[in-house]
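The values are calculated or read from the model by the stated rules, or taken from the named source; none is laboratory data. Fair warning: this is a prediction, and the values are worked out from it, not measured in the lab. Cβ: placed from backbone, ideal geometry, glycine included. Neighbour counts: every protein chain shown. Calculation scope for accessible area: heavy atoms of the full protein, side chains included, ligands and nucleic acids excluded. Shrake-Rupley method; radii C 1.70, N 1.55, O 1.52, S 1.80 Å.
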Amino acid sequence: MRTFGVEEELLIVDPESGEPLALADALLSGRRLAADDAPDDPRDLVTEDKTVYDDDEMGLSAELKLEQIETQTRPCLEHGVLLDQIRAGRALADTAARRHKARVAALATSPLGLASHTTPDPRYARMLERFGLTAQEQLTCGFHVHTFIESPDEGVAVLDRIRDKLAVLTALSANSPFWNGLQTGFESYRTQAWNRWPTAGPAGIYGTYPAYRRVVTRLLDSGVMLDEGMIYFDARLSRNHPTVEVRVADVCLRAEDAALLAVLVRALVETASREWHEGVEPAPVPTVLLRMASWQASSGGLSGELLDFGTFRPARAADVVRSLVDYLAPVLQEQGELALARQGVEDIIARGTGAAEQRRIRDRALAASAPEDLGFGAVVKHAVDVTMRGSANLSAVDGSPELLRVRQS
């Protein structure tokens, strides 16, 4: 089994009003380090031991906006261990927030409107100057899954073979129906906001690692992006670790849904690698169709139709999600995760995504009264509670939060 780990971006919020709070620097005061100094060539990070590519302790780090904080797990082999680490990371962040009379919430966008504040860092200042409103408004919280690869060549083969399935993960994780006090009409508005970056979204088929590097180099040579950390493909080779990093998901309201997404991503990576070794060519789906599939997943989540990854014709979203599990079933079965994956997917289909849950809470608040905040405060309060479910025994983490690094992502 491949090791895997995740990064979660969480909102820092006022527990009473639900407004986002610019407290990341306070939570991490005196502990922020310089940007990463990883080698430029991912080959330099590959080791014989698949578990040692990241030997840092779990911790917290700053992101683009002061209203958000990122947690990172260590590499894991088992679903249960990863779930425990996701919960522990949330507890660590929440404990740090509580010291400043704040809380954290796993929301991919802020339901309440408030001007965000850019983290005081020279790189982020350059991003704000270069990308204007796109950077200014980019208070979005994603969920990134890292899965171990043996080599960059394997990694590119994986990227080529998972690109047509990633929109399903966007739909499963959809958790951003509101944006700055507005109903967006989307299940994952974070996807819409994020895809305003020039390099964000689906990519083409590379074929080889040198071809992948040529694409990255040409993008950097264009002078548009500041550095390689701004290569925001839906899935990419990590600069920091020998992993494929899948970046399409909203941060999940529930920790168990986050762990499920990670299990599906790991199975996707393993399945793609096996197809590569067996000589199965990538599906030649035009990138424009992948963009359409991503838009559809962002728009409807699981509430309507998705573009089926086999035919790229519309089909019931629930059926497409089940088809993905069926496609991954051989690997999931080998890894003892098939029953877990099927049940987890059925749970999300039955109760709805985080976006559906947010809307239900707001509708309930509006039905009970006529709140000045139009019910968005109730959404955030509920999210704080759900974010920490299963972490009650971890919420009294001792000591100060440990910062890993300011990440170029």
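Summary of computed values
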| read-out | value |
| --- | --- |
| Counted residues, the range 72-125 - those being open to solvent by 30 Å² or more (accessible area, probe 1.4 Å), in contact with a helix residue (DSSP H, G or I) (Cβ under 9 Å, 6 or more places away or on another chain) and assigned to a helix (DSSP H, G or I) | 4 |
| Residues of the range 175-200 satisfying the condition of being of a type in the set (Ser, Thr, Tyr) and closer than 14 Å to SER299 by Cβ | SER176, THR184, SER188, TYR189, THR191 |
| Candidate set from the range 134-181 (those that are open to solvent by 10 Å² or more (accessible area, probe 1.4 Å) and among the small types (Gly, Ala, Ser)); member that is farthest from ALA283 (Cα to Cα) | GLY181 |
| Qualifying residue in the range 185-208 (condition: free of Cβ contacts under 8 Å to residues at least 24 places away in the same chain and over 16 Å from ALA106 (Cβ atoms)) | no |
| Filter result for the condition that a residue is under 22 Å from the mean Cα position of the chain (by Cα), more than 30 Å from GLU16 (Cβ to Cβ), open to solvent by 10 Å² or more (accessible area, probe 1.4 Å) and touching a residue at least 40 places away in the same chain (Cβ under 8 Å), over LEU328, LEU306, LEU340 | LEU340 |
| Any pair with Cβ under 9 angstrom, 6 or more apart, that starts in the range 108-131 at a residue that is among the acidic types (Asp, Glu) and ends at one that is surrounded by 14 or more Cβ atoms within 10 Å (Cβ to Cβ) | ASP121/ARG32; ASP121/ALA35; ASP121/ALA62; ASP121/LEU64; ASP121/VAL406; GLU129/ALA135 |
| Tally of residues being open to solvent by 10 Å² or more (accessible area, probe 1.4 Å) and either more than 17 Å from the chain's Cα centre (by Cα) or not charged (D, E, K, R) (or both) across the range 1-20 | 7 |
| Number of the exception - ASP347 against (1) under 25 Å from LEU139 (Cα atoms); (2) surrounded by fewer than 18 Cβ atoms within 10 Å (Cβ to Cβ); (3) modelled with pLDDT of 95 or more | (1) |
| Hits in the range 202-256 - residues which are hydroxyl-bearing (Ser, Thr, Tyr), open to solvent by less than 10 Å² (accessible area, probe 1.4 Å) and over 13 Å from LEU159 (Cα atoms) | TYR232 |
| Filter result for the condition that a residue is within 17 Å of LEU290 (Cα to Cα), more than 13 Å from the chain's Cα centre (by Cα) and in a loop (DSSP other than H, G, I, E, B), over ASP164, ASP160 | ASP164 |
| Options TRP276, TRP295; residue that is surrounded by fewer than 21 Cβ atoms within 10 Å (Cβ to Cβ), under 25 Å from PRO242 (Cα atoms) and modelled with pLDDT of 95 or more | TRP276 |
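Listed here are the residues, each with its yes/no results for (1) surrounded by fewer than 19 Cβ atoms within 10 Å (Cβ to Cβ); (2) not in a loop (DSSP other than H, G, I, E, B).
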site	(1), (2)
LEU289	yes, yes
LEU302	no, no
GLY310	yes, no
VAL320	no, yes
